[in-house]
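The structure under discussion appears below in the form of structure tokens.
Just so it is clear, none of the values below were taken in a lab; they were calculated from the coordinates. None of these values were measured; they are calculated from a predicted model. Cβ: placed from backbone, ideal geometry, glycine included. Neighbour counts: every protein chain shown.
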Amino acid sequence: MVLVAGLALAAGGAIFAVFVALVALGILHEWRRLVADLAPGGWPRGLWLIAGVVYIGFAASTLVGLRAHGWHGAAGVVLGVIAVDVGAYFAGRAIGGPKIAPRISPSKTWAGLGGAVVAVWLLLAVLVTLDFGRSFGNWPWEVDGFARAAWYAHLEQAALVGVFVAVIAQTGDFFESWMKRRAGVKDSGAWLPGHGGLFDRADGLVAVLFARGVADLVDVPSAGPGSHGLLSALGGMWQIFLRSHGSL
């Protein structure tokens, strides 16, 4: 599945759009099955189904739109969510500690959330630093003045993005876990043997893409020199950090 997704992302265009559409339809199918168990019939179930179409469809269209402007945006969001999962898993296992919401997701800890934030920040910090070296021919610690100050500023924005992406991704995870508990099921589906359903794997990504789409919908400007705020940071997440030389 990962290989197919990578090939589709590299291909872009209609191939990527079709791939995303198929995955979105699979997630929506799992959503419909969960709703059938957690919501009574009639208009409550209808509202849940409409919400699923909006939530999943909007996230999918955001991902396709990002890829239409180059692979950087789509890859950046995906890598950010992967960093959240990896950081949360290892920090949660190594540190443990208090649970965030044990009744919804017993395995999620505050330490894991902190690890997720750090993981996203490290990912973006590495990208900023590599791009700095490629653009200027020197590493940030080899220069001084405005260039180094701008690098520090981007690292600070990376920390904000790390918090925002980690919180949104984990919120998406909690939301899907809550739906499964209400529906009385362990997994959203069985598309991926040993890993549950598509929604189980993409819950955090769907949430982050939805938030990114909302940021674009309300016309939040892409982050750049002088732009601040969490929505701004998310809206320009990859563009800031991979193309930081354009605003240094």
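Residue by residue through the stretch 89-94, what is 3J(HN,Hα) from phi via Karplus (6.51 cos²θ - 1.76 cosθ + 1.60, θ = phi - 60°)? Round to whole Hz and write x for glycine and proline. Calculated HN-Hα couplings, in order: 5, 6, 5, x, 5, 6 Hz. Could you tell me how many degrees, from 0 to 90 and to the nearest 10, lie between the Cα long axis of helix 43-68 and the main elongation axis, the longest principal axis, of the Cα atoms of the chain? Here the helix axis deviates by roughly 30 degrees.
Which entry in (i) 19.0, 66; (ii) 17.0, 53; (iii) 18.1, 57 is this structure's computed Rg and Dmax of the Cα atoms in Å? Identified label for the calculated read-out: (i).
If one takes the longest principal axis of the Cα atoms in the chain, at what angle in degrees, from 0 to 90 and to the nearest 10, does the Cα axis of helix 13-38 lie? Compared with the principal axis, the helix lies near 40 degrees. Modelled label positions at residue 156 and residue 186, each set 7 Å beyond Cα in the direction of Cβ, lie 4.9 nm from each other.
Dipole size in debye (nearest 20) for the chain around its Cα centre, Lys and Arg Cβ +1, Asp and Glu Cβ -1? List each step's numbers first, then the result.
Details: 17 positive and 14 negative charges, 135 e Å.
That gives a dipole near 640 debye.
Principal axis extents of the Cα atoms in the stretch 70-211, from largest to smallest and rounded to whole angstrom, are 58, 36, 25. The trypsin sites (Lys or Arg not before Pro) of the stretch 56-125 meeting both criteria, a DSSP state outside H, G, I, E and B (loop) and at most 15 other C-beta atoms within 10 angstrom of the site's C-beta, are 103.
Just to verify a number: FRET efficiency for residue 122 and residue 21, C-beta to C-beta distance, R0 = 35 Å, to 0.05?
Working: r = 33 Å, r/R0 = 0.94.
Step by step, r from the Cβ atoms, then E = 0.60.
Residues whose amide H falls under 5 Å from that of residue 109, counting only those 5 or more places apart or on a different chain, are 100, with hydrogens built in the peptide plane. Counting only aspartates and glutamates at least 8 places from residue 180 when in the same chain, those with an alpha carbon closer than 14 Å to its own are 30, 37, 200, 203. With R₀ fixed at 45 Å, the C-beta to C-beta distance from residue 45 to residue 146 puts the FRET efficiency at about 0.20. Its relative contact order, with pairs defined as Cα atoms under 8 Å and 6+ residues apart, puts the chain at 23 percent.
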